[in-house]
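Visitor: Sharing a structure with you now.
The values are calculated or read from the model by the stated rules, or taken from the named source; none is laboratory data. All of these numbers come straight from a predicted model, not from anything done at the bench. Heads up, the Cβs are rebuilt from the backbone with ideal geometry, glycines too, and the neighbour counts pull from every protein chain shown.
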């Protein structure tokens, strides 16, 4: 699977227009032919393609992902690994907010279906879903950092200040909240739909008929079953989230995976792209396995392959 | 839900965020986005491979000679003064007294080491080709350097201004091959500049500390910080939030800062001529009449007035500097009727008609999008149907620079820019027939004999008094032949907080270097 | 609808099922509101070139960045183009792209998810690893490559958006059907030798309808936003052609974001309103075709 992924990325990268040298040239400040040759030599791009791939694969299998092309002398694996922390922090915080808010609002909305709080929340959630990530990021930045100055405008810590947890939290909170908007809205929609579906099922009506209190019907019988598609959604989201929130990380200059990958793609830094994609791939597979386990936990009838 | 998250954000921020933000920093600090914008080269620390970012690099490394802040002439930096022999083959530099940041004295040996290293391709140096005329570097005593050239080179000093001098004692031990991939550059570089390298927090910022024994006096601030931003918009936000005191900004943003009294807008020429390149390998633009029609059809003055706020000069050849532009150029004033007539005369119906023509660009800014929309609309009025396409820089280069036979139909027209100063030879690689890829950057494959001859003559001119006239000839030929539809040279902007005192910045191509004297910068 | 076989609906009226569904749909207030929004939007978007004086790409450098007024109802943009005309033209393009790409990704997503869950362990494992692969691939790279191969325009945009969005749906369909697979009536159907198509369309599809409807309504918004992302990468609907995504992209400029809000707020509002309306209709449709809704 991972080998297939690496081969696929390798082929796609070579199909993509532009190579690391093209990324180095500023079209308005041209370089001479011999400068370009110097670059090509330094970047080691003169080998035939299959040789490059198998060379990379052999090294990768022994844990060596090579050096970044664009950052002189930086090894890929540590570079990628040090991005997992910030991404996990941002995504963890953002998704935690999203899951709590989304599930709670979804349940409430489904129960009070078509009452005005449901409609109000629907409208809000659709605003959340329909705002492009870059727009909510820029608006959030504008209001909370520039106008109100409640939160710093970017980065993970204050430049030049000594490291402190409070400082990181202050930098974290705004992007995390902005990140949670879209996810919370999405989770809320699926939770609401799924719960409505479940509330019509026989066992829920049975439970009601048995005289179980409505609150417990919803929490114990309905919610648990309604969670299945929501768990899948969260699983998929986490999987994608490992790759970082590209726009948000760019706007807030958060040193996560998304930023690394975007920079690497922008400079066609092949080894970093390969390394980062593989690490993301491992995480996605792990998360998907966890999701399957979570199904079995929620619904014991399901046997996981 | 949005209200909820906002409320949570507010609550958490009040709890945790504010104290750390309010905390005053005791050392005097200037923070800026010094690598934002076209002159920057964020995350590069090695001056030998730099194609930009010299504004920042020259705060801790220094060259022998440097442009003045107006980019009008070169002055000494690590060279106290210099003399050039009558045959323009021998340059003698008298060096200043300075110590490296690690305390070792700076001597002529460092200069000799650096120039020889920069000449050595094995080090990955991108200066190697430009220093090709250097025959020898001698260090007769500690404070004198003599450089001999194999043939006269009018741009030699200008090239030398981008050779930042490196410490021999720190680098001589490393083989040149390993220098390019060394982490020395981003962890412990040693320079001679007013600030010394303190630390680099990956992809976030670089921190420098004052070098107390700098020859120009102890710097007035203790800490200089260069923050990295992924987009000019993010840098603008940080500037307005008061977190940084300086950044490059886009033209649109500059306009909104002009009315704000707590900021100062710094304006300067970009030294980049914008043009519409017309690919000579496609059959569309071989007829001069078609090229004339295109330039007549574009109302450059209206675009400059409305989209650039008047801050651009229309270009009728590759130059706008007064000493390079001869009298009596055709101005190609906006005249759509004439454009239509020229197209009819050329038989545009048969050449292309209204089939779509791709207009490729690497300029992704909102302003460039507006320019492209205006150009498209103006050309449509005379019957030329162009379809703008914006791609990222590597994609652009991958398309236009491809060796052999690229897909010509992918870039029949481009909207691009090329550096045309301070050294006027800058546009030669884009227009001379000897510079067709892979030899150079003539991506439009322009093979006009008279234009190439004019370039060759100007490049070979050793008599300084005849130099301007030679470049004027280049301008004249460009104006007549129209290898490009030249558009304008726009201004670029930086915005500095009014808290800064004696701050010097200019939008120099590749970031200079120029004499910004960071040791004088101060903050209230 | 399989439930129909088990619980025959109480025939209180003599109307056919379709007629009753229609009645229920009309009675649903939210769905009616949805229709009241979507139909005028569709009509306006399709006919504007007959009744609106401005063309979407006509520039006017003398009337740049003007706020809403009697001549330009929604103001003008950075090169003096009429925002209302661009909004309608953009709606035409964006809705076309969104609806087509959602339809395609639903087909792919449902088939992959359903076949994985009914097809047995080997098929399931293979299909899910394939989905993993598709989800792991960073979209940026995928887009860059497609940008060079597919180029710009409506058809490539639809293709790219469909290809990017099906994996999440297929995982959700699979999750639902894994649970369904264990239910008595499906086990019974399998025991009686029902084929895969029967399982897919008689049992799978009706039981996924809520997921599909929610996905479709949400994905419409997502597709429009994806298109915005694509056009900023030199793919998708290339400016200066109008699309809602392109118009929202204008907000990337700080000046437009702050000083000319009408240039991005109107397309943003149009997007939210349309998505909201489509969702109400989707909800109404789902309820209308749910045979149990008469019982409660």
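Visitor: Could you tell me which numbered condition residue C:153 fails, if it satisfies all but one of (1) more than 9 Å from every other protein chain (Cβ to nearest Cβ); (2) under 14 Å from the mean Cα position of the chain (by Cα)?
Guide: The failed condition is (2).
Visitor: Has the range A:25-40 got at least one residue that is free of Cβ contacts under 8 Å to residues at least 40 places away in the same chain, under 28 Å from residue A:278 (Cβ atoms) and touching a helix residue (DSSP H, G or I) at 6+ places or on another chain (Cβ under 9 Å)?
Guide: Yes, the range A:25-40 contains a residue that is free of Cβ contacts under 8 Å to residues at least 40 places away in the same chain, under 28 Å from residue A:278 (Cβ atoms) and touching a helix residue (DSSP H, G or I) at 6+ places or on another chain (Cβ under 9 Å).
Visitor: Of the conditions (1) within 30 Å of residue B:422 (Cα to Cα); (2) surrounded by 22 or more Cβ atoms within 10 Å (Cβ to Cβ), residue B:305 clears all except one; give me its number.
Guide: Every listed condition holds for residue B:305 apart from (2).
Visitor: Considering only strands (runs of 3 or more DSSP E) fully contained in the range B:344-436, which possess at least 1 residues that are in contact (Cβ under 8 Å) with a residue 60 or more places away in the chain and within 9 Å of another protein chain (Cβ to nearest Cβ)?
Guide: In the range B:344-436, the matching strands (runs of 3 or more DSSP E) lie at B:413-419.
Yes/no per residue for (1) at pLDDT 80 or above; (2) under 28 Å from residue A:121 (Cα atoms); (3) more than 14 Å from chain B (Cβ to nearest Cβ); (4) in a loop (DSSP other than H, G, I, E, B):
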{"site": "C:188", "(1), (2), (3), (4)": "no, no, yes, no"}
{"site": "C:205", "(1), (2), (3), (4)": "yes, no, yes, no"}
{"site": "C:234", "(1), (2), (3), (4)": "no, no, no, yes"}
{"site": "C:247", "(1), (2), (3), (4)": "yes, yes, no, no"}
{"site": "C:271", "(1), (2), (3), (4)": "yes, yes, yes, no"}
{"site": "C:275", "(1), (2), (3), (4)": "yes, yes, yes, no"}
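Visitor: Just one of the numbered conditions (1) assigned to a helix (DSSP H, G or I); (2) under 19 Å from the mean Cα position of the chain (by Cα); (3) modelled with pLDDT under 90 is not true of residue B:37; which one?
Guide: (1)
Visitor: So, in the range A:103-148, how many residues would count as being buried (at least 23 other Cβ atoms within 10 Å of the Cβ), more than 10 Å from chain C (Cβ to nearest Cβ) and within 20 Å of the chain's Cα centre (by Cα)?
Guide: Count: 2.
Visitor: A follow-up question, please. Scanning for something within 22 Å of the chain's Cα centre (by Cα), modelled with pLDDT under 85 and either within 14 Å of chain B (Cβ to nearest Cβ) or not in a helix (DSSP H, G or I) (or both), does the range A:13-26 turn up at least one residue?
Guide: yes
Visitor: Only one residue in B:273, B:265, B:236 is under 22 Å from the mean Cα position of the chain (by Cα) and surrounded by fewer than 20 Cβ atoms within 10 Å (Cβ to Cβ). Which one?
Guide: Matching residue, one of B:273, B:265, B:236: B:265.
This table checks each residue for (1) touching a helix residue (DSSP H, G or I) at 6+ places or on another chain (Cβ under 6 Å); (2) buried (at least 21 other Cβ atoms within 10 Å of the Cβ); (3) modelled with pLDDT under 85; (4) closer than 19 Å to residue C:88 by Cβ.
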{"site": "C:174", "(1), (2), (3), (4)": "yes, yes, no, no"}
{"site": "C:221", "(1), (2), (3), (4)": "yes, yes, yes, yes"}
{"site": "C:228", "(1), (2), (3), (4)": "yes, yes, yes, yes"}
{"site": "C:239", "(1), (2), (3), (4)": "yes, yes, yes, yes"}
{"site": "C:254", "(1), (2), (3), (4)": "yes, yes, yes, no"}
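Visitor: Return the residues of the range B:156-174 that are assigned to a loop (DSSP other than H, G, I, E, B) and in contact with a helix residue (DSSP H, G or I) (Cβ under 8 Å, 6 or more places away or on another chain); say none if nothing qualifies.
Guide: Passing the criteria: B:162, B:163, B:165, B:166, B:167, B:172, B:174.
Visitor: Every residue in the range B:191-219 that is more than 25 Å from the chain's Cα centre (by Cα) and in a loop (DSSP other than H, G, I, E, B), please.
Guide: Scanning the range B:191-219 gives B:211, B:212, B:213, B:214, B:215, B:216, B:217, B:218, B:219.
Visitor: Let me ask something else about it. Working only within the range C:78-116, note down all residues that are more than 26 Å from the chain's Cα centre (by Cα) and either modelled with pLDDT of 90 or more or more than 14 Å from chain B (Cβ to nearest Cβ) (or both).
Guide: Matches in the range C:78-116: C:81, C:82.
Visitor: Considering the range A:166-184 alone, what residues qualify as being more than 16 Å from the chain's Cα centre (by Cα) and at the interface with chain B (Cβ under 9 Å from one of its Cβ atoms)?
Guide: Those that are more than 16 Å from the chain's Cα centre (by Cα) and at the interface with chain B (Cβ under 9 Å from one of its Cβ atoms): A:166, A:167, A:169, A:170, A:171, A:173, A:174.
Visitor: Scan (1) part of a helix (DSSP H, G or I); (2) in contact (Cβ under 8 Å) with a residue 12 or more places away in the chain; (3) within 13 Å of chain B (Cβ to nearest Cβ) for the single condition residue A:53 breaks and write down its number.
Guide: Evaluating residue A:53 over (1) part of a helix (DSSP H, G or I); (2) in contact (Cβ under 8 Å) with a residue 12 or more places away in the chain; (3) within 13 Å of chain B (Cβ to nearest Cβ) leaves (3) as the failure.
Visitor: Can you name the residue in the range A:141-151 that is in a helix (DSSP H, G or I) and free of Cβ contacts under 8 Å to residues at least 12 places away in the same chain and is also nearest to residue A:245 (Cα to Cα) among such residues?
Guide: A:142
Visitor: Which of the residues spanning the range B:207-225 are more than 9 Å from every other protein chain (Cβ to nearest Cβ), closer than 18 Å to residue B:62 by Cα and crowded, with 18+ Cβ neighbours inside 10 Å?
Guide: B:208, B:209, B:210, B:211, B:214, B:219, B:224
Visitor: Hey, another quick one. Please specify each residue of the range B:228-247 satisfying the condition of being touching a strand residue (DSSP E or B) at 6+ places or on another chain (Cβ under 6 Å) and within 7 Å of chain A (Cβ to nearest Cβ).
Guide: The answer is B:229, and nothing else.
Visitor: Any residue at all in the range B:403-411 that's surrounded by 18 or more Cβ atoms within 10 Å (Cβ to Cβ), under 24 Å from residue A:268 (Cα atoms) and out of contact with any strand residue (DSSP E or B) (no Cβ under 7 Å at 6 or more places or on another chain)?
Guide: yes
Visitor: Looking only at the range C:122-140, count how many residues are assigned to a helix (DSSP H, G or I) and in contact with a helix residue (DSSP H, G or I) (Cβ under 7 Å, 6 or more places away or on another chain).
Guide: Here the count works out to 12.
Visitor: Turning to a different aspect of this structure: With the condition being under 22 Å from residue B:233 (Cβ atoms), I'd like the helices (runs of 4 or more DSSP H) fully within the range A:152-267 carrying at least 3 qualifying residues.
Guide: Qualifying helices (runs of 4 or more DSSP H): A:165-199, A:246-251, A:257-266.
Visitor: Quick one: residue B:126 ticks every box in (1) surrounded by fewer than 21 Cβ atoms within 10 Å (Cβ to Cβ); (2) in contact with a helix residue (DSSP H, G or I) (Cβ under 7 Å, 6 or more places away or on another chain); (3) closer than 23 Å to residue B:152 by Cα except a single one, so which number is it?
Guide: (1)
Yes or no, residue by residue, for (1) in a loop (DSSP other than H, G, I, E, B); (2) in contact with a strand residue (DSSP E or B) (Cβ under 9 Å, 6 or more places away or on another chain); (3) modelled with pLDDT of 90 or more:
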position: B:60; (1), (2), (3): yes, yes, yes
position: B:72; (1), (2), (3): yes, no, no
position: B:82; (1), (2), (3): no, yes, yes
position: B:86; (1), (2), (3): yes, no, no
position: B:122; (1), (2), (3): no, no, no
position: B:125; (1), (2), (3): yes, no, no
position: B:130; (1), (2), (3): yes, no, no
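Visitor: Could you list all residues from the range B:315-350 that are under 23 Å from residue B:468 (Cα atoms), crowded, with 17+ Cβ neighbours inside 10 Å and touching a strand residue (DSSP E or B) at 6+ places or on another chain (Cβ under 9 Å)?
Guide: The answer is B:315, B:316, B:317, B:318, B:319, B:320, B:321.
Visitor: From the residues in the range B:183-194 that are crowded, with 20+ Cβ neighbours inside 10 Å and within 14 Å of chain A (Cβ to nearest Cβ), which one is nearest to residue B:455 (Cα to Cα)?
Guide: Here the answer is B:185.
Visitor: Before we move on, is residue B:276 in a helix (DSSP H, G or I) and touching a residue at least 60 places away in the same chain (Cβ under 8 Å)?
Guide: no
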